[in-house]
Amino acid sequence: MNRIPSVSLRGGADADAAAAAAPPDPAALARWARAFCVIRFDLERGQLVEACFPPDALAPAAGGLDRLVAFSSFPDSMSHHLPRHRSSVHDSLFSFRVPDPSSPRRAFLYGFVFNRQRQDERLPRGGEQKSVVILSHAPYSSLFRLLLQILGPLCFDVGPSALAMVASHVAAWPAPAPGKPMELPIGSAALRVHLPPAADDPGPPPALLPANPSVPYGLFHDADLFVAFRGLLLHLWTLWELMVVGEPVLVVAPSPAQCSEAVAGLVSLVAPLLYSVDFRPYFTIHDPDFARLNALAEGEVFPPMVLGVTNLFFLKSLKSIPNVVAVGSPNPNSTRVLPVGGQSQGNGTNGTPGKLKLDKLAINKFSPTSLLNSIKLRREGPLSLMTEHKEALWSTYTPTTKPDTSVLNRLIDAGVSPRIEESMSLVNNELLRRHFLELTTNFLAPFGPYLRTTTPSEGTSPFVDPPLLPPFHADEFVNGLAARGPGKFLSKRMRSNWLELYRRFLEGPNFMPWFRQRRAAAEQEQQRLWRQARMNVDIEKLMSKMSELERIDSFNAVERYLLREMENSGRGSADSIAACQKLKGDLQAAFNVLPKDMQQLLLSNPKRAVLLQGSQEKAPGPNGIVTQTSL
């Protein structure tokens, strides 16, 4: 387990003292976070923002954001599963995602919460609760969860002044580098995190499996799939399909921590596919979208959304949602993988880990009791959760993908030793994450030919326009895929109706945003490759093989690309300046091999004459670098 860095408010650490003395730069802080808040549950007035930094971040001008954040920062009720001691403290971490009311477009804010519930018979109503919240436009869960483990206890130890002090450290960080590892100083140590890629980062090509699965290729790579879905491992492949095609899903859990972790796990399940469906890790009745969803008429199609909830009222108010998954355990201290129908005995001796056998996971293994329970569960539907929480999936969806028994057989059972349970869970999570990363990559591979870049072949001119990427037509794609088949990897894992999954994906909300993003990235990469080829070409050798007409066309093409680069060089890019010098030399070389009468005709254009004169007069500057780019 990683050691959490410490932050001191006392004068022992010069860095902390300096950070606390200087007010944070608002622009620098906004690169990472919108606000740091302490929210208290008042017995008379409900949820209240007790402290906030910056002070005006949740002001009334923010369009009711203070109320929305306050209501999203607490469990629906004090957990009745806490130990029945005279005085006890229960801390939990969870997250939420809410619309930003101050944004003119449909933007979202992410909230990361450290919630403390304290039971004490001496307090009114026997307890109190308070939350420390980091609000950000960025879904950096791996970072903010670590930071909350510092900021949360610190706020309870020294008070709200900790908000400004930690904000000063955050404002001193460099700008976020999405998709890159970063080391961010905080107090006496540093947070080492690998940020997820930016929303407009297309990720690796669909035909290639990422070389390092520990590097995030999508959001919430830190979500623990194994712990979140430990009682539903055989259903993971159905859940993967539901996310791929953009089906609405309601996630029900006993606590905000469990439902937000499950929703994050579902979103991460389809990486590197860009997940474009609205998702709410922890959804409450105070969310402004609840009224719209609650007003859906009977028979009206539920919009594509993934909602994580703990309030069982949603089972009745959102009963038109076709897919409901119940996760987690009412006992917050239980993280064990229990087989259906009994306690885990382990496969090793003396508490050593062993393989997690499939027969312990097989929810469809026949027995009279399991058959009756299955019939009862299906008959009662999700409303059975009103009386008893059970990990289960209710869905009208017919899956195509079969559970991969080879992956399930490799999962490790921690046995009866809690000492090694956490490390075994990490191993299992990596196995699952690697498999679904490979599954998604293979599923997207057939789109590769429509995203494939080309480079000039040897001996051809790079000064012509690059060819267009192949046009995409859904019907032609499906017909071609039906003739070729799904490929070796998928054919072993999908049923005979596998083509229907592709049809649903093409018609769903995830395909077009992902394909457009990948297409734009491929076009940009092709432009880069052809530009690089122009920088490397030997223009004199190339033009020696051309006819007179081809030489004239090449001169015009070099001039066109030179003018384009000169526009970019005005922004101060060293790469564009170097490219201008290379193209000026190429322009002069192309001009020199043209007939004299053509040269005179070209020089009759004053701008072109100046351009050629500049290429003749270029002179080396400091360190031998040519700097003149006159026009």
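The values are calculated or read from the model by the stated rules, or taken from the named source; none is laboratory data. None of these values were measured; they are calculated from a predicted model. Heavy atoms of the whole protein, side chains included, go into the accessibility calculation; ligands, DNA and RNA do not. Shrake-Rupley method; radii C 1.70, N 1.55, O 1.52, S 1.80 Å.
From largest accessible area down, sort 41, 314, 71; use a 1.4 Å probe on the protein chains.
Working: 41 75, 314 0, 71 35 Å².
Largest accessible area first, the list is 41, 71, 314.
Rg to Rh ratio, the stretch 539-613, alpha-carbon atoms and Kirkwood radius? Present the calculation step by step, with values, prior to reporting the outcome.
Values: Rg = 12.7 Å, Rh = 12.8 Å.
Ratio value, two decimals: 0.99.
In the full protein assembly as shown, how much of residue 434 is accessible to a 1.4 Å probe, in Å² to the nearest 10?
The accessible area of residue 434 comes to roughly 80 Å².
Can you give the convex hull volume per residue for the Cα atoms of the stretch 446-524, as a whole number of Å³? Could you put the intermediate results ahead of the total?
Working: hull volume 9.5 nm³, N = 79.
That works out to 121 Å³ per residue.
Please compute the per residue accessible area over the stretch 446-524 with all protein chains in place, 1.4 Å probe, rounded to a whole number of Å².
Details: 4440 Å² over 79 residues.
Each residue of the stretch 446-524 exposes 56 Å² on average to a 1.4 Å probe.
How large, in percent, is the carbon and sulfur part of the accessible surface of the stretch 539-613 at a probe radius of 1.4 Å? Spell out each step's value before the answer.
Details: 2150 of 4040 Å².
Here carbon and sulfur together make up 53 percent of the probe-accessible area.
For the stretch 26-195, with all protein chains present and a 1.4 Å probe, just round the carbon and sulfur fraction of the accessible area to a whole percent.
Numbers: 3820 of 7380 Å².
It is 52 percent, rounded to a whole number.
Please list, in chain and number order, the residues 5+ apart from residue 109 or on another chain whose amide H is under 5 Å from its amide H, with Hs placed from the backbone.
For residue 109, whose amide H was placed from the backbone, the distant partners under 5 Å are 98, 100.
Express the relative contact order of the stretch 26-195 as a whole percentage, based on alpha carbon pairs under 8 Å and six or more residues apart in sequence.
On the way: 295 pairs, mean separation 40.5, N = 170.
Value for the stretch 26-195: 24 percent.
Using only the heavy atoms of the protein chains and a 1.4 Å probe, how would 475, 413 rank by accessible area, largest first? Walk me through the numbers before you get to the answer.
Details: 475 120, 413 5 Å².
Largest accessible area first, the list is 475, 413.
How do 535, 305 stack up against each other in accessible area, from largest to smallest, with a 1.4 angstrom probe?
On the way: 535 40, 305 5 Å².
In descending accessible area the options line up as 535, 305.
So for the stretch 26-195, Kirkwood radius off the Cα pairs, Stokes-Einstein at 37 °C and 0.692 mPa s: how many µm² s⁻¹?
Details: Rh = 16.7 Å.
The estimated diffusion coefficient comes to 196 µm²/s.
I need to check one value: relative contact order of the stretch 539-613, counting alpha carbon pairs closer than 8 Å and at least 6 residues apart, in percent.
Values: 44 pairs, mean separation 25.0, N = 75.
It comes to 33 percent, rounded to a whole number.
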